[in-house]
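Engineer: What follows is a single structure, and I will ask about it in a moment.
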Amino acid sequence: MAIDPANPVPPVFTRSAGPDQVPPHVPPELIRSAGITFGPEFLAAPHRFMAQLHETHPPLFYDVNPFQNAWQAIKHEDALFILRHADIFSNEGATPFPRDPADYFYFIPIEIDPPEHRKYRNVVEPMFSPQGVLKLEETMRQLANELIDAFIAKGECDFTRAFGRPFPVTIFLRLMGLPLDMTDTFVDWAVALLHSNDRTIMAETLAKIGAYLKQAIAEKKAHPDEGVISRIAHAAPDGIPLSEKEIFGFVIFLFIGGLDTVFATLNNIWLWLANNPERRAEMLADPGNIHAQVEELLRVHSVTFSGRTVARDVELRGAQLKAGDKITCILPACNFDPDVFPNPTEVDFHRPKKIILAFTVGVHSCMGAHLARLEVKIALQEWLKRIPAFTLQPDAEIVYRPGGVIGPEWLPLQWPVSPA
Amino acid sequence: MATVTYIEADGTRHHADIASGENVMRGAVINDIEGIVGECGGGLACATCHCYVDQDWFEQVGGPASQDEADMLESAAAELRPTSRLSCQIVVSDDLDGLVVHLPTHQF
């Protein structure tokens, strides 16, 4: 079913959830309830849990849960196959955020399959390419240091609020051309949308975000600037201006995708750094290996998932998948596949370079991947330069919030302060 | 500026004018040459812009530019040959005007 991105209509598919709604073609021996993103075992240590899936679960299983029953792929090889065959594993209807059927829109480009998909990517690609993001490097370094200036003398901070969130969110809002004084509001919206696990709250929040962004788009239409929203609002691929629905769906998707992911990634990495002083020393002693360090830290601290809708019947690992089934690639688990990354939970900055799934792969691979890599690199370099030795505060309790972007909710850190 | 010729596995030839400083992967993507995918966008993270540099050009273009490129080539889906490169790592300059690259049967 080809869709027309300029004239969105709500997809007709049934959401199956819970044990009463398992389709008959699913073999009983493949049915599990792993509790991914919300179960107590998952939330106790999400990355360890996902690494252990390779021992505790079949390589492809069917997960039954209160939100969305779906096939779950944990093998690196299977994820590459699924994510690179958009004709079999479609993105239409694969994004879970509830929208008003009377004012429906597609999330662009993630819900648009090839060939239309490429025209949207081309609109913003120059700004997100490896070369494009390098233009932001100096302002990123400056921002990192300004944030650190605000708390370094205190000898302690909650990393998540003091650095992990404001660093990527400020960079993103500047890039989009949105006002920085809205940072806290935007973050609250993103948290409600991504972590509430409540479809009523999600829908209300999405409506609020939508109302704000419609106004922002109107303003950029009237007053063009260098930001991403303005670029999208004025884009005319092949000479045809994007429609209101396309502009809105594109902007709101970047907004949702850009706010929370690097934040969670940084929180995960800094928790690991706090607990591994000898590895911090290793990184500091080998600054020329920073790109491999970033890649390896992204591998073991990936934060998200790729969901698809099966577009036509297909066999995978001996199981029959039927058109309309949902399938999720558990990207963090795929990054722990021992067949591709021997001794997978070991952080090894000298592994042979392989495809990691932190940013997914295929036509829908993350547009912000190069921005994210640069942010992680600069955050590591600037932080470790100024605060090379730090630990968790002794009473710190690490808590993970349920939801589709995985990272600790708080990260209280401390470090020695030399007397003034 | 250089004109680069891409020859698909079935023999179809495409010519693209590519600005100096752009890379051979981008030249294909911008010009809708489908034998190159380049899904990661040129970040040495995917191995879907694999090409075989024409024998006559290989000495000038050279082998993998880094250990990362050599490692990542191992993840390429099609057969590796002595002239295999990731085309995102071949930066176009005037000196490469006339460059010929052959494309593999598949990128994944």
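Engineer: Between A:406, A:74, A:209, where does the largest GNM mean-square fluctuation fall for chain A, given springs only between Cα atoms within less than 10 Å?
Structural biologist: Looking only at A:406, A:74, A:209, the largest GNM fluctuation is found for A:209.
Engineer: A further question on this structure: Place a point 7 Å from Cα of residue A:122 in the direction of its Cβ. Which residues in region B:1-44 have their backbone N less than 14 Å from it?
Structural biologist: Counting backbone N atoms under 14 Å from the label point, the list is B:26-34.
Engineer: Starting from one equal scatterer on each C-alpha and no solvent at all, send me the Debye-based log10 I(q)/I(0) for region A:19-414 at q = 0.06, 0.12 Å⁻¹, two decimals.
Structural biologist: Log-scaled intensity ratios, in q order: -0.23, -0.99.
Engineer: With Cβ to Cβ distances under 12 Å as the rule, what net charge do the other residues near residue A:229 carry (K, R +1; D, E -1)? Spell out each step's value before the answer.
Structural biologist: On the way: positive: A:174, A:214, A:220, A:221, A:231; negative: A:219, A:225, A:226.
Net of charged neighbours comes to +2.
Engineer: Count, for each residue of A:173-179, the Cβ atoms from other chains sitting within 10 Å of its Cβ, then give me the mean as a whole number.
Structural biologist: Details: counts 0, 0, 0, 0, 0, 0, 0.
For this peptide, the per-residue mean of nearby foreign Cβ atoms is 0.
Engineer: Which whole number gives the average, over all residues in B:34-46, of C-beta atoms from other chains lying within 10 Å of the residue C-beta?
Structural biologist: Values: counts 1, 0, 0, 3, 0, 10, 8, 13, 5, 10, 4, 14, 9.
Taking all residues of B:34-46 together, the mean is 6.
Engineer: Can you spot the aspartates and glutamates whose alpha carbon is less than 18 Å from residue A:245's alpha carbon? Ignore those fewer than 8 places along the same chain.
Structural biologist: Partners within reach: A:4, A:92, A:100, A:103, A:111, A:113, A:116, A:219.
Engineer: Please say if region A:98-219 is rounded, prolate or oblate, where rounded means a/c under 1.5 for a ≥ b ≥ c the square roots of the C-alpha gyration tensor eigenvalues, and otherwise the choice is prolate for a/b larger than b/c and oblate otherwise? Walk me through the numbers before you get to the answer.
Structural biologist: On the way: a/c = 2.34, a/b = 1.34, b/c = 1.74.
Oblate is the answer for region A:98-219, as a/c is 1.5 or above yet b/c matches or exceeds a/b.
Engineer: Please enumerate, by chain and number, the aspartates and glutamates with C-alpha under 12 Å from the C-alpha of residue A:353, excluding those fewer than 8 residues away in the same chain.
Structural biologist: Counting by Cα, and skipping residues close in sequence, residue A:353 has these aspartates and glutamates nearby: A:295, A:296, B:68, B:69, B:71, B:74.
Engineer: Can you give the average number of partner chain beta-carbon atoms within 10 Å of each beta-carbon in peptide A:352-365, as a whole number?
Structural biologist: Numbers: counts 7, 13, 6, 9, 2, 0, 1, 6, 1, 7, 5, 2, 1, 7.
The mean count of partner-chain Cβ atoms within 10 Å per residue comes to 5.
Engineer: Then there is this: Taking a cut-off of 18 Å, what percent of all Cα-Cα pairs in region B:11-72 are separated by more than that? Don't jump to the answer; show the numbers that get you there.
Structural biologist: Details: 761 of 1891 pairs.
Beyond 18 Å sits 40 percent of the P(r) for region B:11-72.
Engineer: Taking region A:219-264, which GluC sites (Glu not before Pro) meet the DSSP loop condition and have no more than 14 other C-beta atoms within 10 Å? Please report the intermediate quantities before stating the final value.
Structural biologist: Working: sites: A:219, A:226, A:244, A:246; in loops: A:226.
Those satisfying the criteria are A:226.
Engineer: Among all the lysines, which ones have a C-alpha under 18 Å from residue A:385's C-alpha, if same-chain residues fewer than 8 places away are not counted?
Structural biologist: Residue A:385 reaches A:154, A:377.
Engineer: In the neighborhood of residue A:265, defined by Cβ-to-Cβ distances under 14 Å, what is the net charge if each Lys or Arg adds +1 and each Asp or Glu adds -1?
Structural biologist: On the way: positive: A:165, A:299, A:373, A:377; negative: A:260, A:295, A:296, A:375.
So the environment of residue A:265 carries a net charge of 0.
Only the coordinates and a few stated rules stand behind these numbers; no lab work does. Only a predicted model underlies this, so the values are computations on that prediction, with no experimental measurement involved. A quick note on method: Cβ atoms are made from the backbone with ideal geometry, for glycine too, and the neighbour counts reach across all protein chains shown.
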